[in-house]
Structure formats: C-alpha cells, structure tokens
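Worksheet: one structure, shown below.
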Amino acid sequence: MLDTKQFISAIKQIAEEKGIPEDKVVETIEAAIAAAYKRDYGEKGQIIKAKLNQETGDVKITQTKYVVEGVDEEGNVIGDVPDRPLEGIVGLQKPVEIREVGEEKKTAKFKKEEGEAVETGNEEDGKVKFNSEKYLTLEEAKKINKKIKVGEEVVIERESKTEFGRIAAQTAKQVIIQRLREVEREAIFAEFKKKENEVISGVVQRVEGNMIYIDLGRTTGLLIPAEQLYQEHYRIGQRLRFLILRVEETHRGPVILLSRSHPKLVLKLFEFEVPEIDAGSVEIKAIAREAGSRSKIAVISTEEGVDPIGSLVGQKGVRVQTVINELGGEKIDIIEWNENPTKFISNALSPAKIIDVKILDEARHHALAEVADDQFSLAIGKKGQNVRLAAKLTGWKIDVRAPQAKMTAEEIFTEETQSGKEAQKVEVLNLEEKGTTEEGKEAKTAENKEEPGKEEKPKKKTKNKKAEAIKEVEPLT
C-alpha cells in the first residue's frame with residue numbers, strides 16, 4: 001500500500017517545480033503504472049489502463065477490448081479496425097509499414113521486442129490478425145451488453161498489483177521521465193505562445209558567436225543577430241528587456257525568439273512607464289525606428305486637457321529617459337499626430353522648423369516641405385535620417401527644399417528644362433565668341449606676312465670660342 005500523504009505531497013512538489021498541472025502528473029504516473037503492470041502481469045496485445053485514487057492511494061487496473069465485426073477463416077479481423085490508444089498511453093494506432101522481403105524478419109523481431117499491440121496478417125492485403133486480448137467479436141460483446149456496437153469499448157477490471165520487478169520499475173521510471181518532459185515542453189510552449197509581442201525580462205546566459213542565449217526562468221530564449229542592437233555589447237549576467245517575437249515548436253522543445261530592435265519594444269516600454277496609455281487617455285498612433293540610433297513616435301490625446309507629448313516625456317524627462325536608458329541611449333523624438341497630412345508631416349520633420357508643406361500628389365502620397373536655409377540640414381538629418389524616419393512615420397514620400405525652390409512638381413520640371421536650354425545657349429555663344437577670336441588672329445597673321453617693307457632679320461651666327469682656340473693651337477704642335 002502506498003503512503004498516501006507522501007505520495008500526494010510528491011505529486012504537488014513535481015507539479016510546482018515543473019510548472020505543470022497536478023492532473024497531468026497524475027496521468028503520467030497512471031501511464032507508468034500501466035506500463036509496469038503490463039510488463040510483469042500482462043500479455044501481448046493487451047491494452048492496460050490504470051486509475052489512481054489520490055485520496056486512498058489505491059490503483060485500479062482495467063483492460064480495454066474493442067468490438068469488431070467478426071473473424072474470417074484465416075483468423076483476420078473482418079471490417080474496419082478502430083484506431084485506439086495503446087498500452088494506456090495516449091496515441092493513435094501505428095500504421096502497418098510495407099517493407100521489402102529481406103527486411104521482414106528484422107521488422108517482426110523489432111515489433112516483438114517493442115511489444116506492439118498491432119498484429120499483422122497479410123500486409124499486402126492490409127488485413128490485421130485477430131487478438132483475443134485486444135479485440136472482442138460483436139457476438140461475444142452482445143452477451144455482455146446487448147446495445148453495444150462495432151467500434152465501442154468493453155472495459156474488464158483486473159486484479160491490482162503493487163509489487164513489480166526491477167525491469168518493470170525501470171520501465172515505469174522511463175515512462176515518467178519521458179512523459180513529464182513532454183508535458184513540461186507543452187506547458188512552456190502554451191505559456192510563451194500567449195506572451196507573443198509582449199516584453200519579458202531576462203538575463204544573458206551565454207554568448208556563442210553572434211547568438212545570444214537568454215535565461216527566461218523556465219526556459220532559454222534566443223536573440224539572433226538580426227534582432228540585436230548594433231551598438232550593444234552583451235555581457236554574461238546582464239539583465240535586459242526583450243520583446244517575444246515568436247514562439248516555435250521543434251522536436252527539441254519550444255524555441256523562443258527574442259528581439260531588441262523591433263518597434264513594438266519601444267511601444268511596450270512606454271506602456272510600462274506612462275499610466276495615461278494604460279488608462280486610454282493617450283494613444284501611440286505610429287512608430288518609426290532605426291534600432292540603436294533614433295526613433296520617432298506619433299501620439300494623440302483622447303481626453304481634453306491631457307498633453308500627449310508631456311505625458312510621455314514626464315516630469316523633467318524622467319519617463320522618456322528611462323526608456324532611452326533601456327534602449328542603450330537610443331534617441332527618441334515624440335511628436336503630435338494629426339489627421340491633416342500637411343500638419344502631420346510638418347510635425348514629423350521636427351526638430352526642424354517647417355515653413356510650408358505642399359501636397360504634390362495625394363494619390364501617391366508625395367509631399368514637398370519648404371524650410372529656411374538654416375533649417376535645411378536639420379530637416380534632412382545626419383545621412384538623411386530625419387526625413388527618412390518622417391517618411392516612415394507618416395507613410396508619405398517627402399521632398400525637402402529651400403525657400404528659393406518654392407514650386408510644384410510641374411514648375412520644378414519646367415524650370416529644369418528651361419535651365420537646360422539656357423545652358424545650351426550660353427555654350428553656343430561661348431563657341432561663337434571663341435571662333436571669332438581665332439579668325440581674327442589668323443587674319444592678323446596673314447596681314448603681317450603680306451607687308452613688303454618688313455623682312456625677317458637673319459640670325460647672328462654664334463662662334464664657338466673653344467673650337468677657334470683649338471684651331472689656333474694645332475699648328476704649333
């Protein structure tokens with residue numbers, strides 16, 4: 001007889017440590033007892049189930065048989081064979097595999113060792129051998145219950161046993177370990193699947209190349225390079241907040257993919273810091289982010305008297321600074337959302353001051369923003385970052401121009417055409433002037449040659465004094 005109090009205490013302890021329901025632990029123990037019972041006291045093909053009474057500690061053992069239409073002369077089952085759980089463990093009946101002739105002996109040996117409840121007759125015909133330990137003909141079943149039908153179950157109670165051999169105990173142990181692992185994986189997957197697109201706190205567990213493994217308590221999350229911030233250096237033991245991007249189920253268990261670069265992380269962090277967002281008086285309408293560098297957030301107030309920008313900034317910038325510190329110093333611009341696209345685009349280009357915004361093509365969402373000369377570089381931003389984020393935030397294509405370029409798209413095209421023509425005219429005039437100058441030079445040269453009184457003076461011959469001195473010395477020798 002089992003010690004009931006100790007047994008129930010052990011079940012509760014396992015359920016608490018693994019984070020799984022108590023009934024799942026009880027089901028696992030029942031499956032293990034059924035496997036151990038079949039190992040020592042059962043027969044081939046039997047379907048044994050165990051039921052544990054948690055109050056008294058008693059175990060009820062039953063055998064299940066399935067009603068079939070009948071048996072033919074060859075001993076095969078007539079009609080359809082029901083797909084039922086085997087050996088008290090939940091799962092469908094395994095399909096019969098058709099193997100080559102050389103593999104038949106190996107397959108039969110394997111099935112015998114595993115103790116499968118499926119017995120095969122002629123595999124080519126797809127027939128199943130009748131096993132009296134597993135099946136019951138309809139005629140015999142009618143003797144027990146006149147209303148029973150083909151495919152239904154007949155439950156037969158068997159004598160309970162509490163003493164099991166070493167092999168049976170090991171079998172039960174393996175069943176418990178395997179089932180508890182499976183149940184724990186299912187519980188972890190279900191728990192984190194509900195938390196997708198939510199923020200979770202974790203500790204950097206280890207770093208393997210570019211992959212960062214995060215300790216989330218019950219399991220480990222994965223931070224891939226594409227979801228990391230480029231300026232961050234992750235240290236073992238460092239605590240950070242992550243967005244649960246998605247949860248995938250694999251044969252090794254659930255995989256939790258985390259992110260530090262997703263725009264929703266900024267949204268969730270502000271929800272933690274700003275109670276007005278949770279209350280519904282302030283709403284974040286849009287977020288544009290270049291992770292690790294800069295973000296723009298468009299907010300709106302749903303209640304009069306509530307400043308949406310001030311709510312996110314906080315007193316002396318405490319709220320926004322908390323988010324900035326969590327994101328490793330990433331800059332955050334908070335602007336007011338507006339239904340009017342011109343006002344929204346003007347706000348989105350802040351901190352630059354915009355003179356005017358003109359809609360060039362509303363269908364294609366194309367706009368022109370005019371700024372002062374001293375605000376032009378500020379509106380564009382470093383490497384075009386400010387106008388790029390503004391375009392992402394608003395969903396409009398934005399051109400930024402100085403005041404001297406106040407024109408529509410047609411006027412811009414006309415002016416470019418006219419400037420091109422003027423440049424061609426100037427080039428032609430320059431060529432004409434150059435040609436005239438060259439002609440004048442040639443004419444002047446010709447006139448000088450034709451004048452009669454002017455002859456070219458012969459060049460004076462220069463004497464080589466050294467050569468003359470040598471000539472004078474030669475006669476003396």
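The values are calculated or read from the model by the stated rules, or taken from the named source; none is laboratory data. All figures in this text were calculated on a predicted structure; none of them were measured in a lab. Please note: Cβ atoms are built from the backbone with ideal geometry, for glycine as well, and neighbour counts cover all protein chains shown.
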Next on the checklist: Going through L267, L245, L240, L229 one at a time, which residue ends up being assigned by TED's automatic domain parsing to the domain that holds Y213 and out of contact with any Gly (no Cβ under 8 Å at 6 or more places or on another chain)?
Outcome noted: L245
Checklist entry - If you check E157 against the conditions, is it part of a strand (DSSP E or B), at pLDDT below 90 and either touching a strand residue (DSSP E or B) at 6+ places or on another chain (Cβ under 6 Å) or in the same structural domain as E133 (by TED's automatic domain parsing) (or both)? => result yes
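If we keep just the residues of region 273-313 that are in a loop (DSSP other than H, G, I, E, B) and buried (at least 19 other Cβ atoms within 10 Å of the Cβ), which is nearest to the chain's Cα centre (by Cα)? Steps first, answer last, please.
Initially, region 273-313 is screened for residues in a loop (DSSP other than H, G, I, E, B), giving 274, 280-281, 291-293, 302-307.
When the remaining residues are screened for being buried (at least 19 other Cβ atoms within 10 Å of the Cβ), the result is 274, 291.
Numbers: V274: 27, A291: 15 Å.
Of everything passing the filter in region 273-313, A291 is nearest to the chain's Cα centre (by Cα).
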Item to check | Qualifying residue in region 173-186 (condition: at pLDDT 85 or above, in contact with a Lys or Arg (Cβ under 8 Å, 6 or more places away or on another chain) and not acidic (D, E)) | outcome: yes
Checklist entry - Does V77 satisfy the criteria of being crowded, with 17+ Cβ neighbours inside 10 Å, at pLDDT below 80, in a loop (DSSP other than H, G, I, E, B) and of a type in the set (A, V, I, L, M, F, W, C)? => result no
Item to check | Qualifying positions in region 128-147 - surrounded by 15 or more Cβ atoms within 10 Å (Cβ to Cβ), of a type in the set (S, T, Y) and either assigned to a loop (DSSP other than H, G, I, E, B) or under 52 Å from the mean Cα position of the chain (by Cα) (or both) | outcome: Y135
Checklist entry - Mind checking which pairs have a first residue in region 272-285 that is at positive phi and a second that is of a type in the set (D, E) and modelled with pLDDT under 90, Cβ under 9 Å, 6 or more apart or different chains? => result G280/E303
Next on the checklist: Among the numbered criteria (1) within 23 Å of R185 (Cβ to Cβ); (2) at pLDDT 85 or above, which one does I48 miss?
Outcome noted: (1)
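Conditions tested, residue by residue: (1) more than 17 Å from A168 (Cα to Cα); (2) at pLDDT 80 or above; (3) of a type outside the set (A, V, I, L, M).
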position: T4; (1), (2), (3): yes, no, yes
position: E16; (1), (2), (3): yes, yes, yes
position: Y37; (1), (2), (3): no, yes, yes
position: K65; (1), (2), (3): yes, yes, yes
position: R84; (1), (2), (3): yes, no, yes
position: T107; (1), (2), (3): yes, no, yes
Checklist entry - Take the residues of region 148-178 that are within 30 Å of H251 (Cα to Cα) and surrounded by fewer than 16 Cβ atoms within 10 Å (Cβ to Cβ): which is farthest from the chain's Cα centre (by Cα)? => result I167
Checklist entry - How many of the residues in region 190-218 are surrounded by 18 or more Cβ atoms within 10 Å (Cβ to Cβ) and either in contact with a Pro (Cβ under 8 Å, 6 or more places away or on another chain) or small (G, A, S) (or both)? => result 2
Next on the checklist: I'd like to know if region 340-348 contains one or more residues that are in contact (Cβ under 8 Å) with a residue 24 or more places away in the chain and assigned to a loop (DSSP other than H, G, I, E, B).
Outcome noted: no
Checklist outcome for this item: Note on Q54: of the conditions (1) more than 15 Å from V154 (Cβ to Cβ); (2) at pLDDT 80 or above, unmet is (2)
Checklist entry - Across region 342-357, what is the number of residues that are of a type outside the set (V, I, T) and surrounded by 17 or more Cβ atoms within 10 Å (Cβ to Cβ)? => result 7
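Is it true that L258 is within 30 Å of V306 (Cα to Cα) and within 17 Å of the chain's Cα centre (by Cα)?
It is false that L258 is within 30 Å of V306 (Cα to Cα) and within 17 Å of the chain's Cα centre (by Cα).
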